[in-house]
Amino acid sequence: MIAIPNLIAQYPLKGADAVHLAAAIWLRDKTSLDREFAANDASLHFVVSDKALANAAKKVGMAVFNPEAEP
């Protein structure tokens, strides 16, 4: 698990954004341990339109979806 202070130190994130990302990382790591989730080829996407937060999420290996991006 990546600690919130580490996220803030590594990336230009606001406090709430770091909490949002840390929760998503925790969920990603927790679901990757779940055999049923993994067996269904399910994937977790981090949905965000904030560019700084999206970039940080990509750098920690999250699949990112921006609902405001054009197709």
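Residue check: Ala9 meets all listed conditions (1) at pLDDT below 90; (2) touching a helix residue (DSSP H, G or I) at 6+ places or on another chain (Cβ under 6 Å) but one, namely (2). If you take the residues in the range 37-46 that are out of contact with any Lys or Arg (no Cβ under 8 Å at 6 or more places or on another chain) and part of a loop (DSSP other than H, G, I, E, B), which one is modelled with the highest pLDDT? Out of the qualifying residues, it is Ser43. Mind listing whichever residues of the range 47-71 are in contact (Cβ under 8 Å) with a residue 12 or more places away in the chain and outside any loop (DSSP other than H, G, I, E, B)? Val47, Ala52, Leu53, Ala54, Asn55, Ala56, Ala57, Lys59, Ala63, Val64, Phe65, listed by residue number.
The values are calculated or read from the model by the stated rules, or taken from the named source; none is laboratory data. Owing to the predicted nature of the structure, the values given are computational and were not obtained by experimental measurement. Reconstructed Cβ throughout: ideal geometry from the backbone, glycine too, with neighbour counts over all protein chains shown.
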